[in-house]
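Heads up: the structure comes next, in structure tokens.
The values are calculated or read from the model by the stated rules, or taken from the named source; none is laboratory data. Everything numeric here is computed off the predicted structure, so don't read it as measured data. As a convention, Cβ positions derive from the backbone with ideal geometry for all residues, glycine included, and neighbour counts pool all protein chains shown. Note: areas computed on protein heavy atoms with side chains; ligands, DNA, RNA excluded. Shrake-Rupley method; radii C 1.70, N 1.55, O 1.52, S 1.80 Å.
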Amino acid sequence: MRNRIVVVGSSNTDMIVQTPRIPRPGETILGGTFNTAAGGKGANQAVACARAGGQVTFVARVGRDMFGDQAMMGFRQDGINIDHVIRDETAPSGVALIIVDDQGENSIAVASGANGNLSVSDVEAAAEAIESAGIVLMQLETPIETIEAAAVLAVQNNVQVILNPAPAQVLSDALLRQITILTPNETEAEMLTGVGVHHEADAAKAAQVLIDRGVTSVIITMGASGAYVHSAEFQGMVPGFSVSPVDTTAAGDTFNGTLAVALAEGKALAEAVTFANAAAALSVTVLGAQPSAPDRNAIEQFLKKNKS
Ligand code: RIB
């Protein structure tokens, strides 16, 4: 399989406050610490791919501002091809306000800025990169028509499409039919199917709904329990790894980025999910989105130490 991965998606700067718990509406909580980190689901996935050893092209928009400069510098440092990262002349770079509690759980609000301008013509301008890739990896923080156009272009050229439906929104059957692997978490799976996902049996039901709507394979990520996989060859849980969480932000992004790398290398789906589970477990032990994406060596060492 062609092993280059094209990530189409968002880039944000994350403003992170750690507090003992997430405040209720109208409540102020004191005592937090503040950090900034590079984020955005698309950029996080591109960075996770690159650090895991993938050859990555990122299709995105950032503003012509300081945050955009910092993001571009980070992409270059991670060896990501940024020929199709556009500096938007009208909108600022995306920003996310993130609160992380003592259990590592988060609450996120995003000002999309330039991400909202990622257009079908931006995807068309990246057609050569998409057509010659092995996998196109996308999320839902950029306009849906852009995602749909990239999916059609990929499928027309026999390129596999991984869609991480985050944040969840209603998706058309036409889009779902283009998806090789859909990777919701439990909440997103419930939003897409109406099936509450708490245990393996629920995940199996939700996955079947998505398969019936036209997706080829489904992976429902279920935190430390691992991931439920439904493909033609394998149906069942791929166990996760238990770690002490510091910040779960971007665990799903790390999962998706490293999954794409493992699949592009030709690993079978269940083995690729184990690799991605390990990377996601490592990511929750570090504060921040992109700072937490592990490199290949760290993932391999972790897998060796935690062999089942
Ligand atoms: O998935 C985590 C990401 O969601 C954060 O980095 C934030 O920027 C939002 O996009």
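Per-structure values
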| quantity | calculated |
| --- | --- |
| Calculated Rg and Dmax of region 110-256 using C-alpha coordinates, Å | 15.5, 44 |
| Accessible surface, region 24-176, averaged per residue in Å² (probe 1.4 Å) | 43 Å² |
| Furthest towards positive pole of dipole, Ala260, Pro294, Phe241, structure part region 212-308, Cβ charges | Phe241 |
| Accessible carbon and sulfur surface of region 255-308 relative to its total accessible area, %, 1.4 Å | 53 percent |
| Per-peptide average of other Cβ atoms within 10 Å, ordering 203-210, 117-124 highest first | 203-210, 117-124 |
| Convex hull projection area averaged over all views, region 186-308, Cα basis, nm² | 7.5 nm² |
| Packing rank of 99-106, 149-156, 246-253, where each peptide gets the mean count of other beta carbons within 10 Å, highest leading | 246-253, 149-156, 99-106 |
| Charge dipole (debye, nearest 20) of the chain; +1 at Cβ of Lys and Arg, -1 at Cβ of Asp and Glu | 620 debye |
| Antiparallel bridges, percent of DSSP beta bridges restricted to the chain (to nearest 5) | 40 percent |
| Peptides 17-27, 269-279, 66-76 ordered by average Cβ neighbours within 10 Å, highest first | 269-279, 66-76, 17-27 |
| Average projection area in nm² (convex hull over Cα atoms of the chain, one quarter of hull surface) | 14.9 nm² |
| Sulfur and carbon atoms: percent of accessible area, region 155-245 [1.4 Å] | 49 percent |
